[in-house]
Each structure stands twice: as structure tokens, then as C-alpha cells.
Amino acid sequence: MFHDALSLSEARRTALAAQGFDRSRPRGRVDARHVRRTIRQLGLLQIDYVNVLTPAQYQVLFSRLGPYEKSRLDDVVYRRREFTEQWAHEASILPVESWPLLRHRMKTHRVRPWGFETFMERHSDYVKLVLEQVRARGPLSADDLPEPDGAPRRMTDRWGWGLAVKRQVLEAHFGFGRLAVAERRPNFVRLYDLAERVLPREQHRREVGREEAQRELLRLAARAHGVGTAGDLADYYRMPVREARPRIAELVEADELREVRIEGWREPAYIHPEARVPRRIDVATLLSPFDPVVWTRARVARLFDFEYRIEIFVPRAKRRWGYYVLPFLLGDRIVARVDLKADRPRRRLLVPAAYLERNADPGTVANALATELWTMAAWLGLGSVAVGRRGGFARTLAAAVRA
């Protein structure tokens, strides 16, 4: 039974419970069941291969499950094929049954980098050849394809990175739903195959109307968020909020969502009927910059009074916090942030900078964070933790790490 209003603390606990932080990490060996359950609870995992620590999709599971063999995720996704990749909240891993919910977006997919449509129109014969090669030869990577016009060609994306044209053609077919990711090689390179040969037959053939697909995506977003505004729910699957609002109204009318007021929030919020408001959240974990808890920056500010942004594309001199900064969640509050880097040649987990959030107890946070840093280091195969000098919390944290 829900009240018409929630305190900010209740909203935080509801949101964290929906993300799986209302239960302890598994005490024994983490197996495929834990991985499967976690992805399904979240609805999707955002993929990001910035390898400062380890790719983001592995970090998100670590935050909830603790140390586990990364091959568990690879096995569930690419060998058992219970999950697949597609554009959802950016590039994502998601259950195969979610593929039909995104098909209406695949039909209007915008290929990347922006403007690549022009190349595809001018070289339509090559675009068709790539699809024919995959159909005839089975799963292929860009390296398995001939070059357009017989010579390597590259495009530049908005970040200034050079992208191989043949890879981008594969990506375009993938975005349109013609191809799916069949597997990833140990170096993370994608192998693409025809979607009908990767997805279960019933999911590949299942048709879902645009509005019903949007309602189901919003149901999934509400379940994963627990509680959120229309903008929060829309952002989970990158749906335009103007399209989300009428679907949310329909879900409220059908009693599949309930409108609630949250202390200090200007906009109304919506709570999922299965959402729980636990009495407390007992967790101590580092959050990936690509974790669903911190995806929507405005939501993080509203829920946790925490200002956050990723600064990997910010010039060093203009960075406020660091290159790859992870928030530290303790209980139902974000109490610190640390800049992290895996120094693999010297087998060290580096903490170049550490910052304590206001109203957090330094001793309590330092001890809990030090424990989590050592746990992460061991999971990454690193033998030590080294704390640098930047940030007002560095000295206190360094002492706790040494202890």
C-alpha cells in the first residue's frame, strides 16, 4: 500500500531497492543465476569499454554481486543467448524479449557517426555486399570484410575518433535490426550475424505496436527505478519525454503506475506497484559512471543531493574531480567519490584523488571505502591499493587503506 507522498529518504530507499541494493551480495560463488537475475531486475546493462578499471557492464554487476568471474556475463549473453545487444539506453545488453520492444526505433535508427547516411547512399552496393557476406559466411567482424573500393577508409565521429568505414556499415545494419551481435572476441571485438540466426525465432518474429512497446518500456523503467519523474522514466530507454508522457498517463489510468509526491521535488513522480520501501539500505559499494543509479544527473541531484558528471572528455586542466570518478554509496547516501585507475603493469589500484561529501563522517566512510577498494582490487587481479594526494579526503582514506 502506497502513500500519496514519500519523504526523500523513502524515495532513495525505494530507488535503491529497485536496483537490487536491498539485499546483501551473495556469500558464496556467484553463478549464472545471479547474473541473470541482476540484469533482468535492471532491465539492461549499458555497455562502455573505457578500460580504466574494467568495462562498465562488468562494474555494474560487481556493485551488486561483489567479486565474480567476468566470464559468467559473457557466457549468459553470448553463449546461452538469453540476452542480446541493442541500442536501448545507449549501447546495452538486454533480455532477448526486449528486442521486439525496440523494433519501432530500429526502423528510424540514425546511423553513426552523424552524416554517415550520405556514405551509405553513395555506396549502396558496398552496404548490400556487407549484408550478403554475413548471410553467406556467418558471424563476421569488420576485419573479415573487404575494404570499400579496395582501400581502407575511415570516418571521424563527434569525439574526433577515426572509425573504420566497414565497421560502421556493420554497425548501421545492427542499428536497423538486420544484424545482431553473435559473440565478442576476447579483445571485445563484435562478431555480427543475421538477427534471425541470433535471436530466438519467436522474439525475432514478434511484432509489437509502437505505443504498446513504449508502455512496456516504461513499465520496465518504472520497475527498475522504483520511483521517478516522467523524465526519469523516459530516459531509462532513451525515449523522448513528449512521447513518454501520454503513455505514462495511460499506465496511471490502468493502475499500473501510481502518481506520488516526493519531498522537495517540483514535478510529480510515479511509483511502480511492485516497488518496496525498505526500512533501511545496508550497502557499501562503488558505482560505475555508467550505473543506472547515476545515469540521469538531474535525478542523482534530486535523490542524493549529489552533483556528478563524467570528465573523461574534459581537458585535464578543466577537470574538477578527475578522469574516471566513481561515487561511493554507503547506506542510502552517496558519501564520497574517488578517481580510480587500474595500474596493471604494477598490479596496483590507483586512487589519484578522493573527496568526502558534506555531512558524511570521515572515519566511517574511510573504513568502509577502504574495504571496498581492497575488494575491487582483488577482483581486478591487483595486489595493492595506492591513494594519491589530491582531494581533501585523500589523507584520511590513505590511512584507512594502510590499516
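The values are calculated or read from the model by the stated rules, or taken from the named source; none is laboratory data. Since we're looking at a predicted model, the values are computed, not measured. Using ideal geometry, Cβ is built from the backbone for each residue, glycine included, and neighbour counts are taken over all protein chains shown. When the accessible area is computed, the model is the full protein with side chains, heavy atoms only, and any ligands, DNA or RNA have been set aside. Shrake-Rupley method; radii C 1.70, N 1.55, O 1.52, S 1.80 Å.
Checked against the criterion of being charged (D, E, K, R), more than 26 Å from Leu373 (Cβ to Cβ) and in contact (Cβ under 8 Å) with a residue 60 or more places away in the chain, the range 2-17 contains one or more residues that satisfy it. For the range 247-274, residues that are closer than 30 Å to Thr364 by Cβ, surrounded by fewer than 20 Cβ atoms within 10 Å (Cβ to Cβ) and of a type outside the set (Phe, Trp, Tyr) total 2. Taken as a whole, the structure places His34 among residues that are touching a Pro at 6+ places or on another chain (Cβ under 6 Å) and open to solvent by less than 40 Å² (accessible area, probe 1.4 Å). Restricting attention to the range 33-79, the residues being within 10 Å of the chain's Cα centre (by Cα), of a type in the set (D, E, K, R) and assigned to a helix (DSSP H, G or I) number 0. Where strands (runs of 3 or more DSSP E) fall wholly inside the range 302-400, the ranges with 2 or more residues that are more than 23 Å from the chain's Cα centre (by Cα) and farther than 19 Å from Thr54 by Cβ are 348-356, 384-390. Taken residue by residue, the range 101-108 has at least one member that is in a loop (DSSP other than H, G, I, E, B) and more than 28 Å from Leu380 (Cα to Cα). Being under 17 Å from Tyr236 (Cα atoms) and of a type in the set (Gly, Ala, Ser) is the filter here; which residues of the range 282-301 pass it? Those that are under 17 Å from Tyr236 (Cα atoms) and of a type in the set (Gly, Ala, Ser): Ser288, Ala298, Ala301.
Screening Arg80 with (1) open to solvent by 50 Å² or more (accessible area, probe 1.4 Å); (2) among the basic types (Lys, Arg); (3) more than 19 Å from Ala180 (Cβ to Cβ) gives one miss only, at (3). Against the conditions (1) closer than 28 Å to Leu170 by Cα; (2) in contact (Cβ under 8 Å) with a residue 24 or more places away in the chain; (3) not β-branched (Val, Ile, Thr); (4) not in a helix (DSSP H, G or I), Pro186 satisfies every one except (2). Scanning the range 215-246 for residues that are open to solvent by 40 Å² or more (accessible area, probe 1.4 Å) and assigned to a helix (DSSP H, G or I) yields Arg215, Glu216, Arg219, Arg223, Val241, Arg242, Glu243, Arg245, Pro246. Open to solvent by 20 Å² or more (accessible area, probe 1.4 Å), touching a strand residue (DSSP E or B) at 6+ places or on another chain (Cβ under 7 Å) and farther than 14 Å from Val165 by Cβ: does that describe Arg135? The answer is yes for Arg135.
Once the range 308-323 is narrowed to residues that are closer than 13 Å to Pro352 by Cβ and open to solvent by less than 30 Å² (accessible area, probe 1.4 Å), the residue that is modelled with the highest pLDDT is Gly322.
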